Amino acid sequence: DSACKNRPLDLVFVIDSSRSVRPEEFEKVKIFLSEMIDTLDVGERTTRVAVLNYASTVKVEFLLRTYFDRASMKEAVSRIEPLSAGTMTGLAIQTAMDEVFTEEMGTRPATFNIPKVVIVVTDGRPQDQVQDVAASARAVGIEIYAVGVDRADMQSLRIMASEPLDEHVFYVETYGVIEKLTSKFRETFCATNVCALGTHDCEQVCVSNGGSYLCDCYEGYTLNPDKRTCSAVDMCAPGRHECEQICVSNNGSYVCECYEGYTLNPDKKTCSATDMCVPGRHDCAQVCLSNDGSYTCDCFEGYTLNPDKKTCSAVDMCAPGRHDCEQVCVRDDLFYTCDCYQGYTLNPDKKTCSRAITSSLVTTEESCKCEAIAALQDSVTSRLEALSTK
């Protein structure tokens, strides 16, 4: 008992109430929870208890901050009803991390060094990916005990439980004998050993070893030569990660990222090329050409790309070699028209020229002079004819 009082816990029971658990069997689970509560030194400053009920969904029956006495806890346990369908064990553990093991919900601060413990009770095989979730929980210091009943999948129990497995994985044939585990957990939580009493100097994990102990580290860490402290393993070393492009080490774990022009796929490992030419993703002034996760800029007809490879300038369409006018090119904004020198006319093809046809035109003044001379000649002729008649 003194060991229990010297080792307070933040303890969360995660109980399976899926369809495979018959009503009378679920009642046995509730009796097991009540008897476990009786063996614990329950209190605000000692052991705090929460219960999560799960099937396809997860229900937080009560939090670590809800009750601080055995009677209230046992009364709440008696009112728990099964949820029936599904066995989403991974979701239940994730919910414990997100919604129970927080200071707002009653978990003591890390500086208190209060062990965070989960006891999962299930009779089936998880229908979701429990391995990664359980690994994440263990990595943040949550100790997981896995209790299998009847048809429980032993491999799944071993995947989710903490090391050493022979101290964290339990199995009973039926719910009718699950109460046998009460004394087993009492020995585990109340054992008078250095790890249980908290008088060891292990930085992360203390492993009981007879009357002594050994230190170990969480997943993603390795034990230093002093055999007490731990250092984060470089999870981004070749062969240690599954990232397709970029691995970013993250305190004993890692996350994947992608090169510029690529986006991370939903599997959080592989990458797909991004269309860099969608509006807002490029800085081309006129035309963007997508190119396998990157892009190049181009210009509309009549413009040329500037040295900055982004902006464009209008081209002189009348520059030598850029037009097909035979004589004169006249620039018109981005286009041009052809014309001819004086004395030539533009042919119907609008490109070539022909010499203009000229004619002698008599001016008005010259016409008047001719008429005066003709009248004078007529007058002289008439007078001569008159004289000859006489």
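The values are calculated or read from the model by the stated rules, or taken from the named source; none is laboratory data. This one's a predicted model, so the numbers in the text were calculated from it and none came from an experiment. Note that each Cβ is placed from the backbone with ideal geometry, even for glycine, and that neighbours are counted across all protein chains shown. Heavy atoms of the whole protein, side chains included, go into the accessibility calculation; ligands, DNA and RNA do not. Shrake-Rupley method; radii C 1.70, N 1.55, O 1.52, S 1.80 Å.
Considering only residues of the stretch 92-129 that are among the acidic types (Asp, Glu) and touching a residue at least 24 places away in the same chain (Cβ under 8 Å), which is least open to solvent (accessible area, probe 1.4 Å)? Can you show your working first?
Of the residues in the stretch 92-129, the ones among the acidic types (Asp, Glu) are 98-99, 103-104, 123, 128.
Checking the rest, the ones that are also touching a residue at least 24 places away in the same chain (Cβ under 8 Å) come to 99, 123, 128.
Numbers: GLU99: 100, ASP123: 2, ASP128: 37 Å².
Among those residues, the one meeting the criterion is ASP123.
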Checked against (1) under 30 Å from MET235 (Cα atoms); (2) among the acidic types (Asp, Glu); (3) modelled with pLDDT of 90 or more, ASP292 satisfies every condition except (3)
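Of the residues VAL248, VAL255, only one is part of a strand (DSSP E or B), surrounded by 15 or more Cβ atoms within 10 Å (Cβ to Cβ) and at pLDDT 90 or above; which?
Numbers: VAL248 fails: surrounded by 15 or more Cβ atoms within 10 Å (Cβ to Cβ).
After applying the criteria, what remains is VAL255.
Modelled with pLDDT of 90 or more, open to solvent by 40 Å² or more (accessible area, probe 1.4 Å) and farther than 17 Å from THR87 by Cβ: is that true of GLU163 in this structure? Don't jump to the end; show me each part of the working.
Details: modelled with pLDDT of 90 or more: yes; open to solvent by 40 Å² or more (accessible area, probe 1.4 Å): yes; farther than 17 Å from THR87 by Cβ: yes.
In short, yes.
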Take the conditions free of Cβ contacts under 8 Å to residues at least 24 places away in the same chain, in a strand (DSSP E or B) and open to solvent by 80 Å² or more (accessible area, probe 1.4 Å) and apply them to ARG331. Does it pass? yes
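I'd like the residue in the stretch 166-189 that is of a type in the set (D, E, K, R) and within 18 Å of PRO115 (Cβ to Cβ) and, out of all such residues, is most open to solvent (accessible area, probe 1.4 Å).
So, considering only residues that are of a type in the set (D, E, K, R) and within 18 Å of PRO115 (Cβ to Cβ), the one most open to solvent (accessible area, probe 1.4 Å) is GLU187.
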Report whether or not SER272 is in a strand (DSSP E or B), open to solvent by 50 Å² or more (accessible area, probe 1.4 Å), among the small types (Gly, Ala, Ser) and within 28 Å of GLU244 (Cβ to Cβ). no
Strands (runs of 3 or more DSSP E) wholly inside the stretch 9-67 that include at least 2 residues being open to solvent by 20 Å² or more (accessible area, probe 1.4 Å): 58-62
Exactly one condition in (1) open to solvent by 10 Å² or more (accessible area, probe 1.4 Å); (2) at pLDDT below 90; (3) small (Gly, Ala, Ser) is not met by ALA3; state its number. (1)
Suppose we filter the stretch 221-239 for residues that are in contact (Cβ under 8 Å) with a residue 12 or more places away in the chain, more than 21 Å from the chain's Cα centre (by Cα) and assigned to a loop (DSSP other than H, G, I, E, B); how many remain? 5
The correct count of residues that are open to solvent by 10 Å² or more (accessible area, probe 1.4 Å), of a type outside the set (Gly, Ala, Ser) and farther than 17 Å from LEU9 by Cα in the stretch 140-160 is 7
Count of the stretch 209-233 residues which are closer than 23 Å to ASP132 by Cβ and open to solvent by 80 Å² or more (accessible area, probe 1.4 Å): 1
